[in-house]
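Scroll down for the structure; my scribbles are underneath it.
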Amino acid sequence: MVSLGDHHLRPGRTKHTIADDQGKHDFPPFVTLKITHDPGHSGYYLMHICENRMIADTWHPSLDDAMYQAEWEFGVRREEWIEIEEPW
């Protein structure tokens, strides 16, 4: 997990949009990133989380690819990631 701060690129290099009953619009600013992996499936998800808990995600074939996306999109360095255990 990474909390995005002032030293990160905000809003980032990729535009994430929502299409709903009110049309197409941008996501609110992301404040946290998480990388998740379902052991029963291949790949990793880079979760982009807004303050209001809305989530956008991108799928990546490897953990390195997901970390590279976070680095390219927001400027997150590898040493900034904090490993957490989810209470599932």
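Laboratory data are not the source of any read-out in this text; all were calculated from the coordinates shown. Source: prediction; values computed, not measured. Virtual Cβ from ideal backbone geometry, glycine too; neighbours counted across all protein chains shown.
Remarks
- Within the stretch 7-36: backbone nitrogen closer than 13 Å to the W81 label point (7 Å, Cα to C-beta): 33-36
- Dividing the summed helix terms, -39500 (n - 2.57) for each DSSP H run of n ≥ 4, by the number of residues in the chain produces a 222 nm estimate of -4000 deg cm²/dmol to the nearest 500.
- Along the chain, counting only trypsin sites (Lys or Arg not before Pro) with a DSSP assignment other than H, G, I, E or B and at most 16 other Cβ atoms inside a 10 Å radius, the longest segment between sites is 16-52.
- Taking the chain as a Gaussian network of alpha-carbon nodes connected by springs under 10 Å, the highest mean-square fluctuation of the residues G12, G40, G75 belongs to G40.
- Span from the the stretch 1-53 Cα centroid across to the the stretch 67-85 one, whole angstrom: 12
- Viscosity 1.567 mPa s, temperature 4 °C, Stokes-Einstein D of the chain from Kirkwood C-alpha radius, µm²/s: 95
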